[in-house]
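Undergrad: My structure is below; once you've seen it, I'll send some questions.
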Amino acid sequence: MQNLDKNGVVELNGQATVTLDTRELKPGFGVEIMNVDLASADEETLKAIIDTFHRNGVMLIRNQHLTPDELSAFTASFGELESNILKQFTVPDHPEIYILSNKVVDGKPIGAHFDGVTWHTDATYLERPAMTTLLYGIEVPPEEGDTLIADAVGAFNALPMETKTKIDGLQVLHSYRYFTETREYGRRQLTEQEKLDTPDVVHPLIRKHPVDGRKALFLSTGAMQRVLGMPDEEGRALIKKLADFVTQDRFIYRHKWQVGDILMWDDRCTVHRATFYDDKKYTRVMYRLWVKGDRPF
Ligand code: SIN
């Protein structure tokens, strides 16, 4: 019988076998695990890391030196990997590692630039949106280009009862086409084949965490096209009001990047975005991996 506390102590038959060195990222939200080398972590340590992640929702591990193979293997220990719909910005031989960057090599951009600068949850335009996102810092600007992660469970709990009652049971249409054709950066028209490959999906506005039933606001501002049963303008105003609520400073962890950082979050209970940086002066290269999720309910 295995037990684990919030700080990552794995107990087997009552005996602690691995104790991780941890601290909160901000009071009550997120965890940093210190003094681990993921390239050489043994099975019990890995198990403790996975459990610690699930108990905290956001996890930081600094100073890592992982090859693409090692990075994919580590991420795959959380579940099945999900490749991005777009294939052109991936690491050679690794379609599951998507590059976010402003870097241009031999006249060609190597990654998607300013890809996640509005508040969103990853891949909500899929029937089964991402469960977990991992970002690995390869090159980071010395200022800005931060990642902000908001606690969508804490925010839901803090909503006035009247709002909770009003939004209970609402369903939202999420659309890859709407997301791609209206976004500020990387905007383009979908091909006919892409439209067929990415049908719109409907997800609840409030989702329950499949592990413990915690309720979270399920928001992805760019992909949410309309709230079912509501005039478009009213639906958009509601989404904006909720997004403004969730993204108050009190619910946010702001991550300042260092090279070698691994930052992971549970997309079932968080909302995130990147901040802008001076892309004429600085270079930012991130590797991003997704773990497949379940259908939200
Ligand atoms: C993302 O939105 O998936 C990436 C955020 C970032 O680049 O910090």
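The values are calculated or read from the model by the stated rules, or taken from the named source; none is laboratory data. For clarity, every value in this text was computed on a predicted model and none was experimentally measured. So basically every Cβ, Gly included, is an ideal-geometry build from the backbone, and we count neighbours across all protein chains shown. Ligands, DNA and RNA are stripped out before the accessible areas are found, and what is left, the full protein with its side chains, is counted by its heavy atoms. Shrake-Rupley method; radii C 1.70, N 1.55, O 1.52, S 1.80 Å.
Undergrad: Would you confirm, using the coordinates I've provided, whether L71 is open to solvent by less than 30 Å² (accessible area, probe 1.4 Å) and aliphatic (A, V, I, L, M)?
TA: On the way: open to solvent by less than 30 Å² (accessible area, probe 1.4 Å): yes; aliphatic (A, V, I, L, M): yes.
Considered against the rule, which asks whether it is open to solvent by less than 30 Å² (accessible area, probe 1.4 Å) and aliphatic (A, V, I, L, M), L71 comes out as yes.
Undergrad: Taking I167, is it at pLDDT 95 or above and within 16 Å of the ligand (Cβ to nearest atom)?
TA: When the stated conditions are applied, I167 does not pass them.
Undergrad: Just give me the residues in segment 143-189 being of a type outside the set (D, E, K, R) and open to solvent by 80 Å² or more (accessible area, probe 1.4 Å), in sequence order. Reasoning before the result, please.
TA: First pass over segment 143-189, keeping only residues of a type outside the set (D, E, K, R): 145, 147-150, 152-161, 163, 165, 167, 169-176, 178-180, 182, 185-186, 189.
Within segment 143-189, N157, M161, T165, Q189 meet the criteria.
Undergrad: Only one of D278, D249, D232, D244 is open to solvent by 50 Å² or more (accessible area, probe 1.4 Å) and in contact with a Lys or Arg (Cβ under 9 Å, 6 or more places away or on another chain); which? Can you show your working first?
TA: Working: D278 fails: in contact with a Lys or Arg (Cβ under 9 Å, 6 or more places away or on another chain); D249 fails: in contact with a Lys or Arg (Cβ under 9 Å, 6 or more places away or on another chain); D244 fails: in contact with a Lys or Arg (Cβ under 9 Å, 6 or more places away or on another chain).
Answer to the selection: D232.
Undergrad: Quick check on this structure: which one of T283, T247, T275 is more than 20 Å from L148 (Cβ to Cβ) and within 16 Å of the ligand (Cβ to nearest atom)? Can you show your working first?
TA: On the way: T247 fails: more than 20 Å from L148 (Cβ to Cβ); T275 fails: more than 20 Å from L148 (Cβ to Cβ).
Of T283, T247, T275, the one residue that is more than 20 Å from L148 (Cβ to Cβ) and within 16 Å of the ligand (Cβ to nearest atom) is T283.
Undergrad: Would you be able to say whether some residue in segment 101-109 is open to solvent by less than 40 Å² (accessible area, probe 1.4 Å) and within 14 Å of the ligand (Cβ to nearest atom)?
TA: To start, the set of residues in segment 101-109 that are open to solvent by less than 40 Å² (accessible area, probe 1.4 Å) comprises 101-102.
Remaining after also requiring within 14 Å of the ligand (Cβ to nearest atom): 101-102.
Among the residues of segment 101-109, at least one is open to solvent by less than 40 Å² (accessible area, probe 1.4 Å) and within 14 Å of the ligand (Cβ to nearest atom), which makes the answer yes.
Undergrad: Which members of segment 80-93 meet the condition of being more than 14 Å from D122 (Cβ to Cβ), surrounded by 16 or more Cβ atoms within 10 Å (Cβ to Cβ) and not aromatic (F, W, Y)?
TA: First pass over segment 80-93, keeping only residues more than 14 Å from D122 (Cβ to Cβ): 80, 87-93.
Checking which are surrounded by 16 or more Cβ atoms within 10 Å (Cβ to Cβ) leaves us with 89-91.
Across segment 80-93, the qualifying residues are T90, V91.
Undergrad: Given the conditions (1) crowded, with 21+ Cβ neighbours inside 10 Å; (2) more than 14 Å from the ligand (Cβ to nearest atom), which single one is not true for M264?
TA: All conditions pass for M264, except number (2).
Undergrad: Just to check your reading of the model, which residue among L242, L238, L289 is among the aliphatic types (A, V, I, L, M) and not in a helix (DSSP H, G or I)?
TA: Working: L242 fails: not in a helix (DSSP H, G or I); L238 fails: not in a helix (DSSP H, G or I).
Only one candidate passes the filter, namely L289.
Undergrad: Please find, within segment 285-297, the residue that is modelled with the highest pLDDT out of those that are open to solvent by 20 Å² or more (accessible area, probe 1.4 Å) and either in contact with a Pro (Cβ under 7 Å, 6 or more places away or on another chain) or of a type in the set (D, E) (or both).
TA: Step by step, filter segment 285-297, then rank; the result is F297.
Undergrad: Let me ask something additional. Can you find even one residue in segment 123-130 that is more than 16 Å from the ligand (Cβ to nearest atom) and either open to solvent by 20 Å² or more (accessible area, probe 1.4 Å) or not basic (K, R) (or both)?
TA: As a first pass, look at segment 123-130 and keep what is more than 16 Å from the ligand (Cβ to nearest atom): 127-128.
When the remaining residues are screened for being either open to solvent by 20 Å² or more (accessible area, probe 1.4 Å) or not basic (K, R) (or both), the result is 127-128.
The answer is yes; a qualifying residue exists.
Undergrad: Of the residues D294, D244, D278, D232, which single one is within 15 Å of the chain's Cα centre (by Cα) and not aromatic (F, W, Y)?
TA: Numbers: D244 fails: within 15 Å of the chain's Cα centre (by Cα); D278 fails: within 15 Å of the chain's Cα centre (by Cα); D232 fails: within 15 Å of the chain's Cα centre (by Cα).
Answer to the check: D294.
Undergrad: Of the conditions (1) over 17 Å from V140 (Cβ atoms); (2) within 14 Å of the ligand (Cβ to nearest atom); (3) surrounded by fewer than 22 Cβ atoms within 10 Å (Cβ to Cβ), A223 satisfies every one except a single condition; which number is it?
TA: With (1) over 17 Å from V140 (Cβ atoms); (2) within 14 Å of the ligand (Cβ to nearest atom); (3) surrounded by fewer than 22 Cβ atoms within 10 Å (Cβ to Cβ) applied to A223, the lone miss is (3).
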